[in-house]
1. What does the average come to when, for each residue of peptide B:155-162, you count the partner chain Cβ atoms lying within 10 Å of its Cβ?
2. Relative contact order for segment B:26-159 using alpha-carbon pairs under 8 Å, separation at least 6, rounded to a whole percent?
3. By per-residue mean of other Cβ atoms within 10 Å, what is the highest-first order of B:52-58, A:70-76?
4. Based only on Cα atoms, what mean projected area does the convex hull of chain B have, in nm²?
5. Which value, in debye to the nearest 20, gives the size of the charge dipole of segment A:1-48 about its Cα centre, when Lys and Arg are +1 and Asp and Glu are -1 at the Cβ?
6. Give the span of the protein assembly as shown's Cα atoms along each principal axis, as three whole-Å numbers ordered largest to smallest.
7. What are the extents of the Cα atoms of segment A:113-202 along their three principal axes, in Å, largest first?
8. What gaps in nm, shortest first, separate B:Asp177 from its twins in the other copies when you place the label 7 Å past Cα toward the beta carbon?
Number of protein chains: 2
Amino acid sequence: MNKDQTTEDKIKEAARSVFLSKGFSGCSSREIAKAAGMNVALVNYYFRSKQKLFSLIFAAAMEDFMRSMIEVFQQDLQLEEKLRIYIEKEYEFLSQHPELANFIINEIKQEQHSFFDHAEQFNQVRDSGVFAEFELAQERGEVRKIDILTLILLILSNCHYPFMAKNFMKEMLSMDDHGYQVSLQEHKKFVTEMLINYLFKR
Amino acid sequence: MNKDQTTEDKIKEAARSVFLSKGFSGCSSREIAKAAGMNVALVNYYFRSKQKLFSLIFAAAMEDFMRSMIEVFQQDLQLEEKLRIYIEKEYEFLSQHPELANFIINEIKQEQHSFFDHAEQFNQVRDSGVFAEFELAQERGEVRKIDILTLILLILSNCHYPFMAKNFMKEMLSMDDHGYQVSLQEHKKFVTEMLINYLFKR
DNA sequence: ACTTGTTTTAAACACTTGTTTAATTTCTGT
DNA sequence: ACAGAAATTAAACAAGTGTTTAAAACAAGT
């Protein structure tokens with residue numbers, strides 16, 4: 001824990017860590033306070049309620065989660081390169097934030113956060129023009145005909161699931177941490193190759 | 001709720017429903033009791049504790065979750081047919097139990113269920129001989145060289161994720177229920193084609 | 001040193017949690 | 001009809017929950 005952080009930031013950092021690993025209903029305000037090394041009342045002093053603090057963390061997490069997509073797709077690259085780099089970046093990012101995919105998808109399911117406009121995040125991706133670009137490539141016959149939403153589902157499945165199912169895979173297939181990491185790298189390689197082979201005609 | 005069910009079964013049914021939608025830490029004993037239409041004490045009278053009841057539900061859910069895999073892979077079919085049918089069955093099954101994948105993968109993450117031997121379930125798949133069969137096909141050059149664990153991760157990603165991310169997709173992509181169902185069917189079609197194209201050489 | 005405002009704390013509040021107790025109702029065999 | 005067992009209930013228990021209160025500690029300016 002950094003020394004010259006403000007109290008507010010210390011709480012945020014602790015809250016993020018606890019919320020991400022245990023979820024909203026899986027932890028208590030006191031647990032967060034303890035993780036931040038301070039009194040329970042301070043949490044509410046700065047953030048008014050557990051729910052409000054959570055909303056903050058959730059919104060920030062969602063932005064993080066979407067950023068890589070937006071960043072990559074805005075770049076001036078060939079479609080195929082965009083996909084290739086996106087997969088690479090997504091694996092890299094989720095390796096550093098392994099709990100994020102699970103967190104987002106779980107907490108969004110319990111619809112306590114309806115105040116938050118999720119679609120807005122995604123519109124930034126839409127605005128990058130990558131969809132139009134893809135549809136143009138489809139008309140030109142350069143890529144396979146596929147609905148854009150289905151394509152997104154296809155890509156996200158292969159990028160998110162391996163991180164979400166970490167413990168499931170480890171327990172089920174009796175893998176240790178190293179084995180999991182190896183499978184992850186392998187998986188990334190195959191996913192990239194498979195998706196590009198399948199989508200792009202040559 | 002069926003009339004001639006035993007009390008025990010009514011509680012189990014209610015508990016399954018509540019646990020699957022909210023998770024262990026997301027619900028209370030009283031909530032389960034109320035869903036079953038009876039007193040809290042009865043829940044503990046039959047199952048001793050919330051944790052023990054949960055363990056029962058979890059184990060049963062895990063068996064359900066693994067059954068389709070085992071059933072399909074034990075059949076006497078061509079490898080390609082096995083994969084094709086597995087995907088079909090998995091989509092069918094998860095359409096009827098949309099919360100199951102999320103439930104299993106989430107609750108396995110919070111390691112409160114370490115007593116349960118997860119690997120045992122999977123050994124049944126291993127024992128079906130499908131792995132050996134696949135490795136043989138690899139040596140014969142009929143299928144692409146790929147580590148079996150990576151292959152499993154590849155298949156499960158595409159089968160589980162679309163159901164786990166239901167609300168995420170709906171909110172993010174502003175889809176309604178119908179749009180989601182359409183994407184799901186589309187996705188299944190593409191996944192099947194893509195995986196088979198990629199794995200099997202002809 | 002004193003005042004003013006901010007930050008932090010311990011304590012309390014009302015309520016929910018999982019679990020148990022003891023009493024009551026319902027069932028079952030005689 | 002009765003006795004004994006099983007099923008069900010209301011009530012209580014201690015511990016934990018989110019949140020608030022009121023007092024203390026701290027900081028800065030005068």
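No value in this document is a laboratory result; all are computed from the given coordinates. Just so you know, these numbers come straight off a predicted model, no measurement behind them. Cβ: placed from backbone, ideal geometry, glycine included. Neighbour counts: every protein chain shown.
1. 6
2. Worked out over segment B:26-159, it gives 22 percent.
3. Ranked from most to least packed, the peptides come out as B:52-58, A:70-76.
4. On the way: hull surface 54.0 nm².
Quarter of the Cα hull surface area: 13.5 nm².
5. With only Lys, Arg, Asp and Glu charged at Cβ, the dipole is about 140 debye.
6. 62, 56, 42
7. Sorted from largest, the Cα extents of segment A:113-202 read 46, 45, 16 Å.
8. Shortest to longest, the spacings are 4.4 nm.
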